[in-house]
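The values are calculated or read from the model by the stated rules, or taken from the named source; none is laboratory data. Please read these numbers as outputs of a predicted model, since none were measured by experiment. Note that each Cβ is placed from the backbone with ideal geometry, even for glycine, and that neighbours are counted across all protein chains shown. When the accessible area is computed, the model is the full protein with side chains, heavy atoms only, and any ligands, DNA or RNA have been set aside. Shrake-Rupley method; radii C 1.70, N 1.55, O 1.52, S 1.80 Å.
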Amino acid sequence: MSKAFKSRRSILYVPADKPRALEKARGLDADCIILDLEDAVAPEAKALARTAACAAVGDFSPREVIVRINALSSPWGRKDLAAVKAARPDAIALPKLKDAEDVIAARALTDGIALWAMIETPRSVLNAAEIAGAGVAALVLGSNDLLKDMGARHMPDRVNLQAAMSLCVMAARAAGIAVLDGVHNDLNDMDALAVACRQARDFGFDGKTLIHPGQIALCNAAFTPSPEEIAAARRVVEAFAANPQAGVLMLEGRMVERLDLKIAVRTLSRAT
Ligand code: COA
Ligand code: MG
(Lines give C-alpha, C1' and ligand atoms only; values in the text may rest on other atoms or scores of the structure.)
(Ligands and ions follow the chains in the order given, each with its own letter.)
Protein backbone atom coordinates (compact mmCIF):
# COMPACT_ATOMS: atom_id res chain seq x y z
CA MET A 1 0.00 0.00 0.00
CA SER A 2 1.31 3.42 -0.84
CA LYS A 3 -1.43 5.70 0.44
CA ALA A 4 -0.09 8.69 2.37
CA PHE A 5 -2.57 8.10 5.18
CA LYS A 6 -3.28 4.49 5.93
CA SER A 7 -6.48 3.88 7.81
CA ARG A 8 -5.65 1.63 10.75
CA ARG A 9 -8.75 1.88 12.88
CA SER A 10 -9.24 -1.83 13.47
CA ILE A 11 -6.43 -4.38 13.48
CA LEU A 12 -7.59 -7.95 13.93
CA TYR A 13 -5.35 -10.68 15.31
CA VAL A 14 -6.02 -13.93 13.50
CA PRO A 15 -4.42 -17.08 14.94
CA ALA A 16 -2.60 -18.45 11.89
CA ASP A 17 -3.12 -22.08 12.89
CA LYS A 18 -6.93 -21.74 12.70
CA PRO A 19 -8.10 -22.34 9.09
CA ARG A 20 -11.64 -21.24 9.87
CA ALA A 21 -10.43 -17.93 11.29
CA LEU A 22 -8.15 -17.35 8.29
CA GLU A 23 -11.05 -18.01 5.97
CA LYS A 24 -13.42 -15.82 7.94
CA ALA A 25 -10.95 -12.93 8.05
CA ARG A 26 -11.04 -12.57 4.25
CA GLY A 27 -14.56 -11.17 4.45
CA LEU A 28 -14.23 -9.02 7.55
CA ASP A 29 -14.18 -5.22 7.63
CA ALA A 30 -10.99 -4.83 9.68
CA ASP A 31 -8.53 -2.29 8.24
CA CYS A 32 -5.55 -4.54 8.99
CA ILE A 33 -5.05 -8.24 9.62
CA ILE A 34 -2.32 -9.54 11.92
CA LEU A 35 -1.62 -13.19 11.21
CA ASP A 36 -0.40 -14.35 14.59
CA LEU A 37 2.31 -16.94 15.09
CA GLU A 38 3.00 -15.94 18.67
CA ASP A 39 0.75 -15.82 21.74
CA ALA A 40 -2.37 -17.18 20.00
CA VAL A 41 -0.53 -20.31 18.84
CA ALA A 42 0.45 -23.27 21.04
CA PRO A 43 4.04 -24.57 20.78
CA GLU A 44 2.93 -27.75 18.98
CA ALA A 45 1.19 -25.68 16.27
CA LYS A 46 4.00 -23.19 15.57
CA ALA A 47 5.23 -24.86 12.37
CA LEU A 48 1.71 -25.29 11.01
CA ALA A 49 0.88 -21.67 11.78
CA ARG A 50 4.05 -20.45 10.04
CA THR A 51 3.23 -22.34 6.85
CA ALA A 52 -0.42 -21.29 6.90
CA ALA A 53 0.41 -17.62 7.51
CA CYS A 54 2.87 -17.50 4.63
CA ALA A 55 0.33 -19.11 2.32
CA ALA A 56 -2.39 -16.65 3.40
CA VAL A 57 -0.44 -13.38 3.19
CA GLY A 58 -1.94 -12.47 -0.19
CA ASP A 59 -5.53 -13.30 0.74
CA PHE A 60 -6.68 -10.06 2.37
CA SER A 61 -5.95 -7.35 -0.19
CA PRO A 62 -6.42 -4.39 -0.15
CA ARG A 63 -6.06 -4.57 3.61
CA GLU A 64 -2.63 -4.37 5.20
CA VAL A 65 -1.40 -7.77 6.31
CA ILE A 66 1.06 -8.05 9.13
CA VAL A 67 2.58 -11.26 10.44
CA ARG A 68 3.48 -11.36 14.10
CA ILE A 69 6.42 -13.68 14.49
CA ASN A 70 7.71 -15.24 17.68
CA ALA A 71 10.46 -13.39 19.52
CA LEU A 72 13.83 -13.79 17.84
CA SER A 73 15.13 -15.11 21.18
CA SER A 74 12.51 -17.90 21.16
CA PRO A 75 13.02 -21.32 19.55
CA TRP A 76 10.80 -20.32 16.60
CA GLY A 77 11.70 -16.70 15.88
CA ARG A 78 14.51 -17.19 13.34
CA LYS A 79 12.57 -19.77 11.33
CA ASP A 80 9.49 -17.54 11.40
CA LEU A 81 11.49 -14.61 10.11
CA ALA A 82 13.10 -16.54 7.27
CA ALA A 83 9.77 -17.90 6.06
CA VAL A 84 7.72 -14.74 6.56
CA LYS A 85 10.31 -12.55 4.87
CA ALA A 86 9.94 -14.62 1.70
CA ALA A 87 6.14 -14.23 1.84
CA ARG A 88 6.50 -10.40 1.84
CA PRO A 89 3.68 -9.21 4.12
CA ASP A 90 3.12 -5.46 4.46
CA ALA A 91 4.85 -5.61 7.83
CA ILE A 92 6.29 -7.97 10.42
CA ALA A 93 5.30 -7.41 14.05
CA LEU A 94 8.04 -8.00 16.60
CA PRO A 95 6.97 -9.12 20.09
CA LYS A 96 8.75 -8.89 23.44
CA LEU A 97 11.12 -6.10 22.45
CA LYS A 98 13.33 -4.47 25.05
CA ASP A 99 15.08 -1.64 23.24
CA ALA A 100 16.24 -0.13 19.95
CA GLU A 101 19.03 -2.72 19.70
CA ASP A 102 16.37 -5.42 19.29
CA VAL A 103 14.79 -3.46 16.43
CA ILE A 104 18.13 -2.82 14.75
CA ALA A 105 19.01 -6.53 14.98
CA ALA A 106 15.67 -7.45 13.37
CA ARG A 107 16.02 -4.80 10.68
CA ALA A 108 19.31 -6.34 9.61
CA LEU A 109 17.43 -9.57 8.86
CA THR A 110 14.18 -8.39 7.28
CA ASP A 111 15.10 -7.24 3.74
CA GLY A 112 13.46 -3.84 4.13
CA ILE A 113 10.02 -5.15 5.12
CA ALA A 114 8.30 -2.69 7.44
CA LEU A 115 8.37 -3.56 11.15
CA TRP A 116 5.74 -3.03 13.81
CA ALA A 117 7.03 -2.94 17.38
CA MET A 118 5.04 -4.51 20.19
CA ILE A 119 5.37 -2.43 23.35
CA GLU A 120 4.57 -5.04 25.96
CA THR A 121 7.48 -5.33 28.36
CA PRO A 122 8.22 -2.75 31.05
CA ARG A 123 11.60 -2.06 29.45
CA SER A 124 10.04 -1.43 26.06
CA VAL A 125 7.62 1.06 27.61
CA LEU A 126 10.53 2.92 29.17
CA ASN A 127 12.41 2.71 25.83
CA ALA A 128 9.40 3.48 23.63
CA ALA A 129 10.95 6.64 22.16
CA GLU A 130 14.16 4.93 21.05
CA ILE A 131 12.20 1.96 19.68
CA ALA A 132 9.88 4.29 17.74
CA GLY A 133 12.93 6.10 16.36
CA ALA A 134 14.75 2.92 15.34
CA GLY A 135 12.95 2.56 12.02
CA VAL A 136 9.61 0.90 12.80
CA ALA A 137 6.34 1.87 11.11
CA ALA A 138 4.05 1.44 14.12
CA LEU A 139 3.97 0.87 17.87
CA VAL A 140 1.42 -1.64 19.16
CA LEU A 141 0.59 -1.70 22.85
CA GLY A 142 0.57 -5.30 24.12
CA SER A 143 -1.44 -4.69 27.24
CA ASN A 144 -1.97 -8.29 28.39
CA ASP A 145 1.74 -9.09 28.46
CA LEU A 146 2.50 -5.71 29.96
CA LEU A 147 0.06 -6.11 32.84
CA LYS A 148 1.51 -9.56 33.49
CA ASP A 149 5.07 -8.24 33.64
CA MET A 150 4.00 -5.24 35.74
CA GLY A 151 2.51 -7.61 38.29
CA ALA A 152 -0.70 -5.64 37.82
CA ARG A 153 -4.33 -6.64 37.31
CA HIS A 154 -6.89 -5.74 34.66
CA MET A 155 -8.84 -2.64 35.68
CA PRO A 156 -12.02 -1.54 33.88
CA ASP A 157 -10.82 2.03 33.37
CA ARG A 158 -7.23 0.91 32.57
CA VAL A 159 -5.89 3.52 34.97
CA ASN A 160 -2.83 1.33 35.54
CA LEU A 161 -2.08 1.31 31.80
CA GLN A 162 -2.51 5.00 31.15
CA ALA A 163 1.15 5.94 31.62
CA ALA A 164 2.13 3.27 29.08
CA MET A 165 -0.63 4.34 26.71
CA SER A 166 0.54 7.94 26.78
CA LEU A 167 4.20 6.98 26.43
CA CYS A 168 3.34 4.94 23.34
CA VAL A 169 1.45 7.83 21.80
CA MET A 170 4.18 10.39 22.60
CA ALA A 171 6.94 8.12 21.30
CA ALA A 172 5.07 7.35 18.08
CA ARG A 173 4.16 10.97 17.41
CA ALA A 174 7.71 12.13 18.09
CA ALA A 175 8.88 9.64 15.45
CA GLY A 176 5.99 10.33 13.07
CA ILE A 177 4.70 6.75 13.06
CA ALA A 178 1.40 5.00 13.78
CA VAL A 179 0.29 3.89 17.25
CA LEU A 180 -2.24 1.18 18.01
CA ASP A 181 -3.96 0.32 21.26
CA GLY A 182 -3.98 -3.09 22.97
CA VAL A 183 -6.81 -5.61 22.89
CA HIS A 184 -10.06 -5.79 24.84
CA ASN A 185 -10.49 -9.29 26.27
CA ASP A 186 -14.17 -9.27 27.26
CA LEU A 187 -16.12 -10.39 24.20
CA ASN A 188 -19.53 -9.96 25.80
CA ASP A 189 -19.50 -6.46 27.24
CA MET A 190 -19.86 -4.21 24.17
CA ASP A 191 -20.41 -1.10 26.30
CA ALA A 192 -17.01 -1.64 27.88
CA LEU A 193 -15.46 -2.12 24.44
CA ALA A 194 -16.99 1.17 23.31
CA VAL A 195 -15.51 2.93 26.36
CA ALA A 196 -12.09 1.39 25.67
CA CYS A 197 -12.19 2.42 21.99
CA ARG A 198 -13.23 5.94 22.89
CA GLN A 199 -10.49 6.15 25.50
CA ALA A 200 -7.92 5.02 22.93
CA ARG A 201 -9.19 7.59 20.43
CA ASP A 202 -9.10 10.32 23.08
CA PHE A 203 -5.50 9.37 23.99
CA GLY A 204 -4.43 9.77 20.36
CA PHE A 205 -4.19 6.19 19.14
CA ASP A 206 -4.82 5.65 15.42
CA GLY A 207 -6.70 2.42 16.05
CA LYS A 208 -7.06 -0.58 18.28
CA THR A 209 -5.98 -4.18 18.02
CA LEU A 210 -8.86 -6.66 18.24
CA ILE A 211 -9.31 -10.36 18.91
CA HIS A 212 -12.77 -11.13 17.54
CA PRO A 213 -14.85 -10.27 14.45
CA GLY A 214 -17.64 -8.99 16.69
CA GLN A 215 -15.41 -6.11 17.85
CA ILE A 216 -14.68 -4.65 14.40
CA ALA A 217 -17.77 -2.54 13.61
CA LEU A 218 -17.78 -0.75 16.94
CA CYS A 219 -14.05 -0.07 16.72
CA ASN A 220 -14.26 1.28 13.16
CA ALA A 221 -17.05 3.61 14.24
CA ALA A 222 -15.08 4.84 17.26
CA PHE A 223 -12.08 5.78 15.12
CA THR A 224 -14.12 7.36 12.30
CA PRO A 225 -15.07 11.03 12.74
CA SER A 226 -18.76 11.34 13.56
CA PRO A 227 -21.11 13.46 11.40
CA GLU A 228 -21.00 16.11 14.14
CA GLU A 229 -17.19 16.14 14.15
CA ILE A 230 -17.14 16.41 10.37
CA ALA A 231 -19.64 19.27 10.36
CA ALA A 232 -17.67 21.11 13.06
CA ALA A 233 -14.42 20.59 11.13
CA ARG A 234 -16.03 22.02 7.98
CA ARG A 235 -17.14 25.10 9.93
CA VAL A 236 -13.56 25.68 11.13
CA VAL A 237 -12.21 25.34 7.57
CA GLU A 238 -14.88 27.72 6.27
CA ALA A 239 -14.22 30.26 9.03
CA PHE A 240 -10.52 30.47 8.19
CA ALA A 241 -11.26 30.50 4.45
CA ALA A 242 -13.47 33.53 5.05
CA ASN A 243 -10.77 35.16 7.22
CA PRO A 244 -7.49 34.17 5.59
CA GLN A 245 -5.47 36.79 7.53
CA ALA A 246 -6.73 35.69 10.94
CA GLY A 247 -4.51 33.85 13.39
CA VAL A 248 -7.33 33.30 15.83
CA LEU A 249 -11.10 33.50 15.49
CA MET A 250 -14.21 33.25 17.59
CA LEU A 251 -16.54 30.53 16.32
CA GLU A 252 -19.79 29.69 18.11
CA GLY A 253 -18.53 31.27 21.31
CA ARG A 254 -15.24 29.37 21.31
CA MET A 255 -11.72 30.44 20.40
CA VAL A 256 -10.28 28.63 17.40
CA GLU A 257 -6.65 28.95 16.40
CA ARG A 258 -4.74 28.00 13.26
CA LEU A 259 -3.84 24.74 14.99
CA ASP A 260 -7.57 23.97 15.05
CA LEU A 261 -7.55 24.36 11.28
CA LYS A 262 -4.88 21.66 11.10
CA ILE A 263 -6.96 19.42 13.35
CA ALA A 264 -10.03 20.08 11.18
CA VAL A 265 -8.16 19.21 7.98
CA ARG A 266 -6.93 15.99 9.62
CA THR A 267 -10.45 15.12 10.73
CA LEU A 268 -11.77 15.61 7.20
CA SER A 269 -8.97 13.50 5.75
CA ARG A 270 -9.95 10.67 8.09
CA ALA A 271 -13.64 10.96 7.31
CA THR A 272 -13.37 9.28 3.93
N1 COA B 1 -10.21 -13.82 13.41
C2 COA B 1 -11.01 -14.36 12.47
N3 COA B 1 -12.10 -15.10 12.74
C4 COA B 1 -12.37 -15.29 14.05
C5 COA B 1 -11.58 -14.76 15.07
C6 COA B 1 -10.45 -14.00 14.72
N7 COA B 1 -9.64 -13.46 15.64
N8 COA B 1 -12.11 -15.10 16.26
C9 COA B 1 -13.20 -15.83 15.98
N10 COA B 1 -13.36 -15.96 14.66
C11 COA B 1 -14.43 -16.63 13.94
C12 COA B 1 -14.59 -18.07 14.37
O13 COA B 1 -13.77 -18.89 13.56
C14 COA B 1 -16.05 -18.29 14.12
O15 COA B 1 -16.22 -18.49 12.73
P16 COA B 1 -17.49 -19.32 12.20
O17 COA B 1 -18.71 -18.79 12.87
O18 COA B 1 -17.50 -19.10 10.76
O19 COA B 1 -17.19 -20.73 12.59
C20 COA B 1 -16.68 -16.96 14.44
O21 COA B 1 -15.64 -16.00 14.28
C22 COA B 1 -17.25 -16.87 15.81
O23 COA B 1 -16.25 -17.20 16.73
P24 COA B 1 -16.61 -17.50 18.24
O25 COA B 1 -17.18 -18.88 18.34
O26 COA B 1 -17.44 -16.39 18.77
O27 COA B 1 -15.21 -17.41 18.93
P28 COA B 1 -14.40 -18.59 19.55
O29 COA B 1 -15.01 -18.94 20.85
O30 COA B 1 -14.24 -19.64 18.52
O31 COA B 1 -12.98 -17.92 19.79
C32 COA B 1 -11.28 -16.60 20.71
C33 COA B 1 -12.79 -16.92 20.73
C34 COA B 1 -10.99 -15.44 21.63
C35 COA B 1 -10.51 -17.84 21.14
C36 COA B 1 -10.93 -16.23 19.25
O37 COA B 1 -11.73 -15.14 18.90
C38 COA B 1 -9.48 -15.94 19.01
O39 COA B 1 -8.67 -16.84 18.90
N40 COA B 1 -9.13 -14.63 18.88
C41 COA B 1 -7.76 -14.23 18.59
C42 COA B 1 -6.86 -14.39 19.79
C43 COA B 1 -5.49 -13.87 19.52
O44 COA B 1 -5.08 -13.74 18.40
N45 COA B 1 -4.74 -13.56 20.60
C46 COA B 1 -3.42 -13.03 20.46
C47 COA B 1 -3.41 -11.56 20.44
S48 COA B 1 -3.93 -10.86 21.96
MG1 MG C 1 1.62 -11.06 23.91
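The table that follows gives values for the structure above.
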{"read-out": "In the stretch 177-232, the residues that are away from ligand 2 (no atom under 16 Å from the Cβ), within 28 Å of ALA132 (Cβ to Cβ) and of a type in the set (Asp, Glu)", "value": "ASP202, ASP206, GLU229"}
{"read-out": "Top-ranked residue in the stretch 29-48 [being open to solvent by 20 Å² or more (accessible area, probe 1.4 Å) and without any contact (Cβ under 8 Å) to a residue 40 or more places away in the chain; ranked as nearest to ligand 1 (Cβ to nearest atom)]", "value": "ALA40"}
{"read-out": "Condition met for ARG9 (away from ligand 2 (no atom under 16 Å from the Cβ), touching a residue at least 12 places away in the same chain (Cβ under 8 Å), basic (Lys, Arg) and buried (at least 22 other Cβ atoms within 10 Å of the Cβ))", "value": "yes"}
{"read-out": "Tally of residues being over 23 Å from ARG270 (Cβ atoms) and either among the polar types (S, T, N, Q) or assigned to a loop (DSSP other than H, G, I, E, B) (or both) across the stretch 226-260", "value": "6"}
{"read-out": "Filter result for GLY77 (open to solvent by 60 Å² or more (accessible area, probe 1.4 Å) and without any contact (Cβ under 8 Å) to a residue 60 or more places away in the chain)", "value": "no"}
{"read-out": "Residues located in the stretch 132-151, provided they are outside any loop (DSSP other than H, G, I, E, B) and within 16 Å of ligand 2 (Cβ to nearest atom)", "value": "ALA138, LEU139, VAL140, LEU141, SER143, ASN144, ASP145, LEU146, LEU147, LYS148, ASP149, MET150"}
{"read-out": "Filter pass, LEU161 being surrounded by 15 or more Cβ atoms within 10 Å (Cβ to Cβ) and of a type outside the set (Asp, Glu)", "value": "yes"}
{"read-out": "Per-region count, the stretch 108-131, residues among the hydroxyl-bearing types (Ser, Thr, Tyr) and within 16 Å of ligand 2 (Cβ to nearest atom)", "value": "2"}
{"read-out": "Qualifying residue in the stretch 236-250 (condition: among the aromatic types (Phe, Trp, Tyr), open to solvent by less than 80 Å² (accessible area, probe 1.4 Å), in contact (Cβ under 8 Å) with a residue 12 or more places away in the chain and not assigned by TED's automatic domain parsing to the domain that holds GLU120)", "value": "yes"}
{"read-out": "The stretch 204-223, residues that are farther than 16 Å from ARG63 by Cα and surrounded by fewer than 16 Cβ atoms within 10 Å (Cβ to Cβ)", "value": "GLY204, HIS212, GLY214, ALA221"}
{"read-out": "Number of the exception - HIS154 against (1) within 16 Å of ligand 2 (Cβ to nearest atom); (2) under 25 Å from LEU218 (Cα atoms); (3) open to solvent by less than 40 Å² (accessible area, probe 1.4 Å); (4) over 17 Å from the mean Cα position of the chain (by Cα)", "value": "(3)"}
{"read-out": "Answer from THR209, THR267 - the residue that is within 16 Å of ligand 1 (Cβ to nearest atom) and of a type outside the set (D, E, K, R)", "value": "THR209"}
{"read-out": "Residue list for the stretch 185-207, restricted to those being among the small types (Gly, Ala, Ser) and without any contact (Cβ under 8 Å) to a residue 40 or more places away in the chain", "value": "ALA192, ALA194, ALA196, ALA200, GLY204"}
{"read-out": "Every residue from the stretch 109-140 that is of a type in the set (D, E, K, R) and either in contact with a Lys or Arg (Cβ under 8 Å, 6 or more places away or on another chain) or buried (at least 23 other Cβ atoms within 10 Å of the Cβ) (or both)", "value": "ASP111, GLU120, ARG123"}
{"read-out": "Any hit, the stretch 13-24, residues being aromatic (Phe, Trp, Tyr) and more than 9 Å from ligand 1 (Cβ to nearest atom)", "value": "no"}
